[in-house]
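Here's the structure, in structure tokens; my notes come after.
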Amino acid sequence: MRLITVFLLAFLLTSYSVGQDAPTLIPDDPAGFDTPTDDPPDLDTDTLTPPSDDLISEAPNIGDKLQAIATRALVESGEGVLTNGFIIEGSGEKTVVIAAKGPSFQSADVPNTLQDPFLRLFQFNTSTSTFGEIESNDDWETGLSDTDRAVLDANNFTFSNSLESVIVRSLPAGAYTAQVEGKITNGVADEGVGLAEVYDFDTASVSKITALATRVFAGSGADSLNGGFIIAGDSARTVAIRASGPSLSSFVSNPLADPFLAVNRYNTTTLQFEPVLLNGTPATNDNWETGLSDADRTLLENNNFTPTDSLESILVLDLEPGAYTGVITGADGGTGIALIEVYDYTTE
């Protein structure tokens, strides 16, 4: 089993290796991290802002892997900050590009965007079982080296607004979190819809990103939670996509009570996300025990991946290589903190 995962959770504190069961999720208190200061360190879409054609066609292909993750959601303060977690496994260092966007995709459909995102990168210390900040960025043009700019230019990775943030960093194997917040000005934190991205453009390193984690608020309409991911390679993969909410009540104060999950695929011809079809109908799920086949249930049970609350959602799908987004909303119109996970159960 190779794991591709997108978690909507504050922090992934349990490391794991490929082939093991799904990790135990033990979130830390997000309030434990300081919010951005007034003077931080120098250093149109209906759903997810779609990856560009250049990204899909020109991103380096070094085998089957998770190539990119982009999560769009309402970024608030406290438990509502947007945090992408990821794990790097293998030898050598992996160069990653981490970005925080907001003002560049403001539109009539998404009027309430994050106007001044602030990006922090944390590394997990296995000795102390805590995350420590290793880098931050406020405005992307500040602090980039010529080498960093070359990485962005070579991969057609550009920004249309100087207030957005980026970190280009070579990282050893380990667990990391990238936290997207609104900059504080005169004691008031910026809040709005933001986009957090993690990209692997590294063709030289033999290490890979084997897990991704994002925790944020799941709202409704333009504030809905959109977790996008790209499957790279030449053949279809069997994935299980899970949306959790009520089972997070021990970890967060405002969990999404009744998550509803839909999965869409990016059409490079129409330049839109369209529903993935399951048995001829859009792939959606409300309560996980409804609609699972015996084979799907056996797969989930064998991998300890069945939801722990009947109101949570899950889908088992065979997905061709391409760009996808898992959309989480409240089935009852509710809002709150949610968790979306995507696991690859393809037999290599």
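Before moving on, here are some points about what is shown:
- Residue check for Phe118: under 19 Å from Ser162 (Cα atoms), in a strand (DSSP E or B), at pLDDT 75 or above and open to solvent by less than 10 Å² (accessible area, probe 1.4 Å): yes
- Segment 306-330: number of residues that are buried (at least 20 other Cβ atoms within 10 Å of the Cβ) and in a loop (DSSP other than H, G, I, E, B): 3
- Selected residue (criterion: least open to solvent (accessible area, probe 1.4 Å)) from residues of segment 190-206 that are among the acidic types (Asp, Glu) and over 18 Å from Ala70 (Cα atoms): Asp190
- For segment 91-114, taking the residues that are part of a loop (DSSP other than H, G, I, E, B) and open to solvent by 30 Å² or more (accessible area, probe 1.4 Å), the one that is nearest to Gly219 (Cα to Cα) is identified as Asn112.
- Considering segment 135-149, and only residues there that are part of a strand (DSSP E or B) and of a type in the set (S, T, N, Q), the residue that is nearest to Ser165 (Cα to Cα) turns out to be Asn137.
- Reported count of residues in segment 61-81, each being touching an Asp or Glu at 6+ places or on another chain (Cβ under 9 Å), farther than 16 Å from Ile231 by Cα, at pLDDT below 80 and in a strand (DSSP E or B), is 2.
- Selection count where residues are among the β-branched types (Val, Ile, Thr) and part of a strand (DSSP E or B), scope segment 243-278: 1
- Residue that is surrounded by the most Cβ atoms within 10 Å (Cβ to Cβ) [pool: residues in segment 121-134 that are of a type outside the set (Phe, Trp, Tyr) and either in contact with a Cys (Cβ under 8 Å, 6 or more places away or on another chain) or part of a strand (DSSP E or B) (or both)]: Leu121
- Output for segment 279-305, where each listed residue is more than 20 Å from Ser224 (Cβ to Cβ) and assigned to a strand (DSSP E or B): Thr281
- Candidates are the residues of segment 161-189 that are outside any strand (DSSP E or B) and in contact with a strand residue (DSSP E or B) (Cβ under 9 Å, 6 or more places away or on another chain); the one that is surrounded by the most Cβ atoms within 10 Å (Cβ to Cβ) is Glu164.
The values are calculated or read from the model by the stated rules, or taken from the named source; none is laboratory data. Just so it is clear, the structure is predicted and the values come from calculations on it, not from any experiment. All Cβ positions, glycine included, derive from the backbone under ideal geometry; neighbour counts span all protein chains shown. Surface accessibility is based on the protein's heavy atoms, side chains included, excluding ligands, DNA and RNA. Shrake-Rupley method; radii C 1.70, N 1.55, O 1.52, S 1.80 Å.
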